[in-house]
Amino acid sequence: MATITRWEPFQDAMTLHEAMNRLFEESLVPSMPATKSGQSFSPALDLSETPDAYLVEVAVPGMKAEDLKLTFENGVLTLAGEVKQESEQQERSYHRVERRYGRFSRTITFPTTVKGDAIAAKLEHGVLNLTLPKAEEVKPRQISINVQ
């Protein structure tokens with residue numbers, strides 16, 4: 001006897017949607033030079049904004065502050081570092097290696113003026129938190145109207 005399989009059109013559409021998202025993400029992210037092992041990567045980050053500052057949260061699990069380099073010049077923030085691979089143990093047979101290793105660099109260009117000398121960085125639980133205060137001239141302000 002044959003088994004009847006019900007067709008789920010929305011499930012197929014979601015699979016297509018996910019595939020298209022992956023295609024665009026992989027093609028629109030600037031490519032970086034491959035590392036010695038042939039891999040390249042960039043850490044995931046979240047960029048948000050408050051009225052007073054930009055906030056950047058970068059996932060850098062297992063990294064120490066001394067392994068990261070932050071620079072800010074002409075409105076461009078650059079984060080660089082290297083995730084070093086521990087030496088593989090010879091008595092093991094690896095079935096899967098999914099962690100990424102090698103050098104990385106991320107740059108973010110900010111649309112408004114940032115106070116470069118007031119940038120704060122904090123590394124906590126594998127997440128690098130950056131606060132980039134906006135310059136006074138770009139903060140929204142209330143303008144009063146004089147009536148005569």
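Read the figures in this text as sums done on the coordinates, not as results from a lab. Given the structure is predicted, the values throughout are model-derived calculations rather than measurements. Every residue, glycine as well, gets a Cβ built from its backbone with ideal geometry; the counts of neighbours run over all protein chains shown.
Take every Cα-Cα pair in region 79-135 and report what % of them are more than 20 Å apart.
50 percent
In nm, give the distance between the simple-model label positions of SER48 and ARG99, each being 7 Å from the Cα along the Cα-to-Cβ direction.
Simple spin-label model gives 2.9 nm for this pair.
Given points 7 Å out from each Cα along the Cα-Cβ axis, report the ASN129 to ALA59 separation in nanometres with one decimal.
It works out to 1.8 nm between the two label points.
Which FRET efficiency value, to the nearest 0.05, is calculated for ALA118 and GLU66 with the Förster distance at 25 angstrom and r the Cβ-Cβ distance?
0.65
Apply 1/(1 + (r/R0)^6) to the Cβ-Cβ distance of GLN85 and MET20, taking R0 = 30 Å, and write down the FRET efficiency to the nearest 0.05.
It comes to 0.40.
Suppose the Debye formula is applied to equal point scatterers at every Cα of region 47-148; what is log10 I(q)/I(0) at q = 0.12, 0.19, 0.21, 0.25 Å⁻¹?
Computed log10 I(q)/I(0) values: -0.54, -0.97, -1.11, -1.38.
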